[in-house]
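Written out below as structure tokens is the structure these notes cover.
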Amino acid sequence: MTSAPPVPAAADQGPCSAERLAGSLRTEINRLAYHLRIPATNSGITPTRLAALAALARHDQGCRQGDLAVQMGVSPASMTRLVDIMVNANWVARRRDPSDARAFVLRLTGHGRATLDGLRSESTSRLSADVEHLTDDERRTLAAAIPILRGIADRRLGADTPTP
């Protein structure tokens, strides 16, 4: 991925429109997300598979396959193909829902949890190396932005996103 030209911080630009700030934020978040997905990609895990594993990690008691499809915004047929791949990789266990034999409940396997934890750890290490190069002021600014970013994510994704 090529580097984009540096974008001056919003504070350096004076008042800026919500649209301009949103555009710059989207661009930089996407670039950073790409960087953080490299460990998964190198392991053959697509962004969709990674998102499904992360979604299932938030459901300790399991999640119905149809509910996961809705949560991820994919069709039931696409979810079935995705689950087949994850079951074959031993990341996910698929069982009939005891309360409705027509539905399946999905849970991460131990291998799936270990895979997800390993990828998260590697991504965190990559990001930590980048953060180490920041000044103390830059780190404080970044830390102050986290609750703001979390609030935006919660409004977009729902408040069921776990807070570390």
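A few notes on this one:
- Tally, over region 74-132, of residues that are part of a helix (DSSP H, G or I), within 17 Å of CYS63 (Cβ to Cβ) and in contact with a Lys or Arg (Cβ under 9 Å, 6 or more places away or on another chain): 6
- Residue in region 54-61 that is more than 27 Å from LEU142 (Cα to Cα), touching a Leu at 6+ places or on another chain (Cβ under 6 Å), surrounded by 15 or more Cβ atoms within 10 Å (Cβ to Cβ) and of a type outside the set (Asp, Glu) present: yes
- Hits in region 95-113 (condition: open to solvent by 70 Å² or more (accessible area, probe 1.4 Å) and closer than 18 Å to ALA54 by Cβ): ARG107, HIS111, ARG113
- Within region 139-151, the set of residues being out of contact with any Leu (no Cβ under 8 Å at 6 or more places or on another chain) and either among the hydroxyl-bearing types (Ser, Thr, Tyr) or surrounded by 12 or more Cβ atoms within 10 Å (Cβ to Cβ) (or both) comprises ARG139, THR141, LEU149, ARG150.
- Region 62-85, residues that are among the aliphatic types (A, V, I, L, M) and surrounded by fewer than 14 Cβ atoms within 10 Å (Cβ to Cβ): VAL70, ALA77
The values are calculated or read from the model by the stated rules, or taken from the named source; none is laboratory data. Small disclaimer: the values here were computed from a predicted structure and weren't measured. For neighbour counting, all protein chains shown are included, and Cβ atoms are generated from backbone atoms with ideal geometry for every residue, glycine included. We work out accessible area using only protein heavy atoms, side chains counted, and drop any ligands, DNA or RNA first. Shrake-Rupley method; radii C 1.70, N 1.55, O 1.52, S 1.80 Å.
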